[in-house]
Amino acid sequence: MSTTTYNPYEIAQEQFDKVAAKLNLDKAACEFLRQPMREYHFLIPVRMDDGSVKVFKGFRVQHNDARGPAKGGIRFHPQETIDTIRALSMWMTWKCSVVDIPLGGGKGGIICDPRNLTEREQEQLCRGYVRQLARNVGPCQDVPAPDVMSSAKHMLWMLDEYETIHGAKYPGFITGKPVGMGGSLGRKEATGFGVIYVLREALKNLGIDITKTTASFQGFGNVSQYAVRLYQQLGGCVMAISCWDEADKTAYTFRRKDGFDINALTEITDAYGTINKEKAKELGCEVLPGDAWIEQDVDILIPAALENQITIANVNKISQQVKVILEAANGPTTPDADQVIQDRGIFLIPDFLANAGGVTCSYFEQVQCNMNFYWEKDEVLQKLDVKMTSAFKAVYELAQTKNLNMRDAAYVIAINRVAQAVKSRGWV
Ligand code: NAD
């Protein structure tokens, strides 16, 4: 599915405007909250292994920091756009707010394809990114993290560059660091597990027994792999998983109606979430076209890959059996498709609530860095479960009492909190 047809920033603004009107926010507050407070655009020259210099384009967007330092990942993607990052930074503000952690919203990106870069080139790119931003990010300003195609290894290089520039240790500058180097146990599981904690609560409220459900996932990267794992542990059956295959320049859907052996599947998946097609066949998987994930006769659809994946062009392919759509990715549903989903009465759990586990655990990582005392994994995951469950309950209750859909209810809670912070500070 093309990601160029829809502009995520326009979608994020459209979603905001709709809720701002419901909340009767004044004109200045609306103007202030519907766009980022700050943006940095810069070039990163990197000397490549062959001796040539390649110039990469980088961005950092700080949407809002009224409730605390901006927080958000750094994406590495060849088709990255500033509008995608603007939208994602805005969604980060609402995400931190809906789970009630004291952080604002930010996002960054580099237009690049790390799959085609050597380790040394990737390191230079990470260090170059931080050199451009060193004065504008930091534990009390803006705290980056891994995101699409970036990882703990990249975060540590970025931290090292930041500490070299500032001449001291600042483990709270960046999250998603390797465990033992300031990272938190549970961070790699956090987003995927958080998605499933929320699903578990939703199914309880909908009166659906999780052990009798089936699901289809789009994507098999960090988020999806742990979500699949926990969902299966809770008794659910994953019937289909799709992923992108860079060698073939297309996506495939892998289907196994009896469910997947998650350990076997992760063993044949590379670091970018691409499942080896030939080896998958040996594990008894059918290989279907990339968009087949959305057409499966399952109870739950979990888009966990990229934005703009459920659109007006494919929303009607969703099976009548689907009861829940769980937005694990950021911005996977376009507004026109969202309307069709609502009209069909499918229970949709919005992205900034569903995938808030990652940032919540990043917040725990910062807390641990500040204390210089690290919790056991069970303690981290248990605290995460408490946060995600209470955020879900607050949104669900508001949706019920005010007759709102889950996306609007989550927005009402999140925007209200940020608007309040902006007003209390006397900004607008
Ligand atoms: P990742 O890079 O680890 O994995 C992405 C997966 O999507 C890969 O399996 C890739 O093959 C697949 N994919 C890409 N294009 C596809 C296509 N057209 N069809 C099918 N599959 C495709 O990324 P991730 O960290 O798992 O993030 C996934 C989504 O979740 C993104 O929207 C990201 O912004 C969001 N998110 C991630 C985190 C986190 O902690 N990693 C937190 C919050 C939100």
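Somewhere in segment 348-364, is a residue of a type outside the set (Val, Ile, Thr) and under 19 Å from Gln296 (Cα atoms)? The answer is yes; a qualifying residue exists.
Can you name every residue in segment 412-425 that is open to solvent by less than 60 Å² (accessible area, probe 1.4 Å) and either over 15 Å from Lys22 (Cβ atoms) or not small (Gly, Ala, Ser) (or both)? Answer for segment 412-425, where residues must be open to solvent by less than 60 Å² (accessible area, probe 1.4 Å) and either over 15 Å from Lys22 (Cβ atoms) or not small (Gly, Ala, Ser) (or both): Val412, Ile413, Ile415, Val418, Ala421, Val422. Of all residue pairs spaced 6 or more apart or on separate chains, those with beta-carbon atoms under 8 Å, a first member in segment 270-282 that is modelled with pLDDT under 95 and a second member that is basic (Lys, Arg) and open to solvent by less than 100 Å² (accessible area, probe 1.4 Å) are Tyr272/Arg115. Looking across segment 169-209 at every residue that is touching a strand residue (DSSP E or B) at 6+ places or on another chain (Cβ under 9 Å) and among the charged types (D, E, K, R), the one that is least open to solvent (accessible area, probe 1.4 Å) is identified as Lys177. Residue pairs whose Cβ atoms lie under 7 Å apart, sitting 6 or more positions apart in sequence or on different chains, and linking a residue in segment 241-264 that is modelled with pLDDT under 95 to a partner that is open to solvent by less than 80 Å² (accessible area, probe 1.4 Å), are Glu246/Arg115; Glu246/Thr274.
Yes or no: Lys204 closer than 22 Å to Phe392 by Cβ and of a type outside the set (Phe, Trp, Tyr)? Taking the combined requirement at face value, the residue satisfies it. Provide a single number: the residues in segment 267-285 that are part of a loop (DSSP other than H, G, I, E, B) and within 13 Å of the ligand (Cβ to nearest atom). Matching residues across segment 267-285 total 7.
For Lys249, the stated conditions do not hold, so it cannot be described as away from the ligand (no atom under 15 Å from the Cβ), surrounded by fewer than 17 Cβ atoms within 10 Å (Cβ to Cβ) and of a type in the set (D, E, K, R).
The residues of segment 1-60 that are open to solvent by 60 Å² or more (accessible area, probe 1.4 Å), modelled with pLDDT under 95 and touching a Leu at 6+ places or on another chain (Cβ under 9 Å), listed by number, are Met1, Lys22. Working only within segment 68-109, note down all residues that are touching a residue at least 24 places away in the same chain (Cβ under 8 Å), more than 12 Å from the ligand (Cβ to nearest atom) and surrounded by fewer than 24 Cβ atoms within 10 Å (Cβ to Cβ). Scanning segment 68-109 gives Gly68, Pro69, Ile82, Asp83, Arg86, Asp100, Ile101, Pro102. The set of residues in segment 35-64 being under 27 Å from Ala87 (Cβ atoms), hydroxyl-bearing (Ser, Thr, Tyr) and in a loop (DSSP other than H, G, I, E, B) is empty.
Scanning segment 252-262 for residues that are under 23 Å from the mean Cα position of the chain (by Cα) and more than 10 Å from the ligand (Cβ to nearest atom), we see that the one that is surrounded by the fewest Cβ atoms within 10 Å (Cβ to Cβ) is Ile262. Given the condition at pLDDT 95 or above, more than 16 Å from the ligand (Cβ to nearest atom), open to solvent by 20 Å² or more (accessible area, probe 1.4 Å) and in a loop (DSSP other than H, G, I, E, B), answer yes or no: does some residue in segment 227-239 qualify? Looking through segment 227-239, at least one residue is at pLDDT 95 or above, more than 16 Å from the ligand (Cβ to nearest atom), open to solvent by 20 Å² or more (accessible area, probe 1.4 Å) and in a loop (DSSP other than H, G, I, E, B). Being touching an Asp or Glu at 6+ places or on another chain (Cβ under 9 Å) and aliphatic (A, V, I, L, M) is the filter here, so list the residues in segment 296-325 that pass it. Hits for segment 296-325 are Ile302, Ala304, Ile310, Ile312, Val315, Ile318, Val322, Val324. For Gln366, the stated conditions do not hold, so it cannot be described as away from the ligand (no atom under 16 Å from the Cβ) and either modelled with pLDDT under 95 or open to solvent by 70 Å² or more (accessible area, probe 1.4 Å) (or both). The conditions of being surrounded by 19 or more Cβ atoms within 10 Å (Cβ to Cβ), assigned by TED's automatic domain parsing to the domain that holds Lys107, farther than 16 Å from Gly58 by Cβ and not hydroxyl-bearing (Ser, Thr, Tyr) are not met by Val148.
The values are calculated or read from the model by the stated rules, or taken from the named source; none is laboratory data. If you're wondering where the values come from, they're calculated on a predicted model, not measured in any experiment. A quick note on method: Cβ atoms are made from the backbone with ideal geometry, for glycine too, and the neighbour counts reach across all protein chains shown. Quick note on the areas: whole protein, heavy atoms, side chains included, nothing else; ligands and nucleic acids left out. Shrake-Rupley method; radii C 1.70, N 1.55, O 1.52, S 1.80 Å.
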